[in-house]
Amino acid sequence: DFTLEPPAGFTIDNSGMVGPGIAEWNGWSFADRDFWAQAGGQDRAAFTLASGTVAVADSDEFDDVENDTAFASLLQTPAIILSDVAENSVTLEFDSSFRPEGDQRGFVDVTFDGGETWTNILTLDTQDERNNNYSFDIANPASGEMELRFSYTGDNNWWWAI
């Protein structure tokens, strides 16, 4: 029903995770939407745009232990080759469920130089959007590579699922 293994080519950086927590939710996890909704309740089932496997950063479920645990996890795509792609023609579209609380944050960033510089596309902090579709036009070059990263921080706050 869940795995901590990302899809092929994706990477996860959990170096910002502090303290022990619930194993299933240790950083970005990949879970069946219904499994995730039933595991935590609390209106997770409102993410009706999702079906099948979702990527979940859930600091609320992670912190269901008697410890002070900080949650900071980053999910990064493999390099996306932009050959034969027109300049400024890429669109990023994804479904999202973000339930905010406290100092919880979600970020989507893009790089075209192998990660030397990142440009923010989206910052989530106070928007309570449990069932949303995002679409962003990306100012991409006509060649080279592009990478995206989805990062989430929280401290026993709620979640971000995509």
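Numbers below:
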item: Number of the exception - residue 141 against (1) under 22 Å from residue 36 (Cα atoms); (2) surrounded by fewer than 19 Cβ atoms within 10 Å (Cβ to Cβ); (3) touching a Leu at 6+ places or on another chain (Cβ under 7 Å); result: (1)
item: Residue within the range 128-142 that is in a loop (DSSP other than H, G, I, E, B), of a type in the set (Val, Ile, Thr) and either more than 30 Å from residue 22 (Cα to Cα) or modelled with pLDDT of 95 or more (or both) present; result: no
item: Matching residues in the range 1-24 - criterion: being in contact with a Leu (Cβ under 7 Å, 6 or more places away or on another chain), buried (at least 17 other Cβ atoms within 10 Å of the Cβ) and outside any loop (DSSP other than H, G, I, E, B); result: 12
item: Subset of the range 60-96 (residues that are among the acidic types (Asp, Glu) and out of contact with any Phe, Trp or Tyr (no Cβ under 6 Å at 6 or more places or on another chain)); result: 63, 64, 66, 68, 84, 87, 93, 95
item: Among (1) modelled with pLDDT of 95 or more; (2) assigned to a strand (DSSP E or B), the one test that residue 87 misses; result: (2)
item: Of all residues in the range 25-71 being charged (D, E, K, R) and assigned to a loop (DSSP other than H, G, I, E, B), the one that is surrounded by the fewest Cβ atoms within 10 Å (Cβ to Cβ); result: 66
item: Only one of 113, 84, 128 that is in contact with a strand residue (DSSP E or B) (Cβ under 8 Å, 6 or more places away or on another chain) and among the charged types (D, E, K, R); result: 128
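One line per residue, one yes/no per condition, for (1) touching a residue at least 24 places away in the same chain (Cβ under 8 Å); (2) closer than 28 Å to residue 31 by Cβ; (3) more than 13 Å from the chain's Cα centre (by Cα); (4) surrounded by fewer than 16 Cβ atoms within 10 Å (Cβ to Cβ):
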{"site": "79", "(1), (2), (3), (4)": "yes, yes, yes, yes"}
{"site": "82", "(1), (2), (3), (4)": "yes, no, yes, no"}
{"site": "95", "(1), (2), (3), (4)": "yes, yes, no, no"}
{"site": "103", "(1), (2), (3), (4)": "yes, yes, yes, yes"}
{"site": "108", "(1), (2), (3), (4)": "yes, yes, no, no"}
{"site": "118", "(1), (2), (3), (4)": "yes, yes, yes, no"}
{"site": "128", "(1), (2), (3), (4)": "yes, yes, yes, yes"}
{"site": "136", "(1), (2), (3), (4)": "yes, yes, yes, yes"}
{"site": "149", "(1), (2), (3), (4)": "yes, yes, no, no"}
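The values are calculated or read from the model by the stated rules, or taken from the named source; none is laboratory data. Every value quoted in this text rests on a predicted model; they were computed, and no experiment measured them. Cβ: placed from backbone, ideal geometry, glycine included. Neighbour counts: every protein chain shown.
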